[in-house]
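Notes follow the structure.
The values are calculated or read from the model by the stated rules, or taken from the named source; none is laboratory data. Nothing here was measured: the structure is a model prediction, and the numbers come from that model. Here the Cβ positions follow ideal geometry from the backbone for every residue, glycine too, while neighbour counts run over all protein chains shown. Accessible surface areas use protein heavy atoms only, side chains included; no ligands, DNA or RNA. Shrake-Rupley method; radii C 1.70, N 1.55, O 1.52, S 1.80 Å.
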Amino acid sequence: MSSSPGKFGALRHRDFTLFLCARFLATVAIQMQSVAVGWQVYALTSDALDLGLVGLAQFAPFVPLALVAGQVADRFDRRRIVALCFLVEMLCGAALLAFTWVGLTVVWPVFAVMALYGSVRAFMMPASQAVVVNLVPAEVFGNAVALNSSVFQVAVIAGPALGGFLYLAGPDVVYATVTGCLATAALLMGGVRGEPKKPGGNPPMSLDSVLEGLRFVRSRPVMLGAISLDLFAVLFGGATALLPAYARDVLHAGPTGLGWLRTAPGLGAACTALALAFWPIQRHVGLWMFGGVGVFGAATLVLGRSEDYAVALAALAVMGAGDMVSVYIRHMLVQLETPDAIRGRVSAVNSVFIGASNELGEFESGLTAEWFGLVPAILLGGCATLGVVGAWMWGFPVLRGMDMFPRGVRDMPESRRKQPRQAKHKQKRRRR
């Protein structure tokens with residue numbers, strides 16, 4: 001006889017519950033911090049380019065460190081890496097609090113703190129993405145992934161709204177709350193105990209080993225197409241970086257209004273994630289991927305043309321919904337095709353692409369806003385995203401024609417793994 005673990009079966013495991021609480025607090029804190037930093041920087045300079053430089057400051061150290069961080073996540077205890085990252089992020093929040101107390105008149109100290117945060121994030125992302133499998137038994141791993149994604153989306157919704165509300169009392173109140181949340185997250189993560197599961201021994205630190213995750217992604221056209229599509233689509237469509245300027249200059253809203261604007265994409269993503277939990281994508285996976293990114297681009301165009309606050313909120317929510325579809329498919333592909341022994345390094349490659357699309361996309365948006373103006377920059381981003389969709393549909397026919405997710409590839413010996421096109425022919429022969 002066997003019993004179902006239930007919808008919340010993973011929460012019966014102490015280590016996973018502590019990790020989930022810590023990640024929720026940390027994500028809420030970072031979302032609050034992003035609202036405060038964006039509004040404070042734009043209030044000081046009134047220059048959209050500086051909003052882009054906030055993203056560039058985070059991205060610059062991220063790329064050279066991320067692949068090394070993936071090797072670190074495969075070599076050392078992932079739980080301790082996450083706890084240490086929370087602790088350093090807490091110090092970043094404390095530094096922003098100190099700058100505000102002494103009277104911030106220039107923005108370069110904020111850029112320096114954001115560069116440190118980007119360095120920490122390079123180590124955080126591979127370790128946090130790969131650690132869940134080490135905290136729960138195999139029979140509740142799927143439940144743990146679902147809970148982890150749901151809690152993240154709730155934090156993305158709550159954090160910006162709370163940050164915008166607290167900013168009414170001053171940026172120092174936001175940064176003090178951020179520091180407290182991250183300190184608590186570090187303590188909770190430090191309480192995770194038990195023997196860590198070794199994901200395949202300790203691979204030696206070498207350039208060849210560091211690049212193994214990149215070679216793995218390159219060897220799978222479907223995974224490469226999905227990750228790179230997300231990269232370039234969000235890179236050109238990073239309008240959310242311009243929201244502080246858009247809220248103040250176009251919608252004539254304050255920091256609370258900005259908080260709700262930053263919340264809207266998370267709300268759309270959360271509703272879509274809930275829908276996918278009940279009605280998961282099973283067929284026409286490739287078309288769903290391209291459709292989600294296309295909806296993201298089209299909603300960006302609506303955002304750029306709108307001067308009404310309600311329409312802007314709706315457009316941002318649709319952007320989040322479209323993005324969630326592509327994130328869901330990309331996550332499924334990475335999980336199904338990656339062996340645990342190199343999950344940290346593959347997660348690092350995925351993190352580089354995500355970091356490039358988010359932080360580098362913020363810089364691209366700020367730069368185009370400086371060149372062409374705020375609204376034209378948003379419209380140009382939406383058009384570029386739709387152009388990327390068309391180019392990738394032509395350049396990655398194997399992704400466009402993908403019908404179902406691969407099954408069991410992660411558990412197959414290396415000698416039995418085939419490229420998607422070969423696997424499809426093999427399945428046809430078995431049916432005959």
### Single condition Ser150 does not satisfy, out of (1) within 15 Å of Phe19 (Cβ to Cβ); (2) at pLDDT below 80; (3) open to solvent by less than 40 Å² (accessible area, probe 1.4 Å)
(3)
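If you take the residues of segment 8-31 that are of a type in the set (Phe, Trp, Tyr) and either over 23 Å from the mean Cα position of the chain (by Cα) or at pLDDT below 90 (or both), which of them is most open to solvent (accessible area, probe 1.4 Å)? Even if it seems obvious, please write down each step before you answer.
Filtering segment 8-31 for residues of a type in the set (Phe, Trp, Tyr) gives 8, 16, 19, 24.
Restricting the remaining residues to those that are either over 23 Å from the mean Cα position of the chain (by Cα) or at pLDDT below 90 (or both) gives 8, 16.
On the way: Phe8: 129, Phe16: 0 Å².
Among those residues, the one meeting the criterion is Phe8.
Results for (1) over 22 Å from Ile30 (Cα atoms); (2) out of contact with any Phe, Trp or Tyr (no Cβ under 8 Å at 6 or more places or on another chain), shown as yes or no for each residue.
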site	(1), (2)
Ser228	yes, no
Leu243	no, yes
Thr256	no, no
Ala312	yes, no
### Summary
Flagged in segment 263-302 as open to solvent by less than 20 Å² (accessible area, probe 1.4 Å) and of a type in the set (Ser, Thr, Tyr), in numbering order, are Thr263, Thr300
### Task
Please name all residue pairs, on different chains or six or more residues apart, with Cβ atoms under 6 Å, provided the first residue is in segment 110-136 and is touching a residue at least 40 places away in the same chain (Cβ under 8 Å) and under 16 Å from Glu89 (Cβ atoms) and the second residue is of a type in the set (Phe, Trp, Tyr) and crowded, with 22+ Cβ neighbours inside 10 Å.
Gly118/Phe62; Ala122/Phe62
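Being open to solvent by 40 Å² or more (accessible area, probe 1.4 Å) and in a helix (DSSP H, G or I) is the filter here; which residues of segment 32-48 pass it?
Narrowing segment 32-48 to residues open to solvent by 40 Å² or more (accessible area, probe 1.4 Å): 43-47.
Selection gives Ala43, Leu44, Thr45.
For Pro280, indicate whether it is outside any helix (DSSP H, G or I) and modelled with pLDDT under 90. Give the steps one after another, and end with the answer.
Details: outside any helix (DSSP H, G or I): yes; modelled with pLDDT under 90: yes.
The answer is yes for Pro280.
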### Query
Which members of segment 227-246 meet the condition of being crowded, with 23+ Cβ neighbours inside 10 Å, farther than 15 Å from Val37 by Cβ and of a type outside the set (A, V, I, L, M, F, W, C)?
Asp230, Gly237, Gly238, Tyr246
### Message
For segment 247-257, check the following and say yes or no: at least one residue is farther than 25 Å from Phe363 by Cα and buried (at least 17 other Cβ atoms within 10 Å of the Cβ).
### Response
no
### Query
When you look at Ala226, is it modelled with pLDDT of 75 or more, part of a helix (DSSP H, G or I), closer than 25 Å to Gly268 by Cα and hydrophobic (A, V, I, L, M, F, W, C), yes or no?
yes
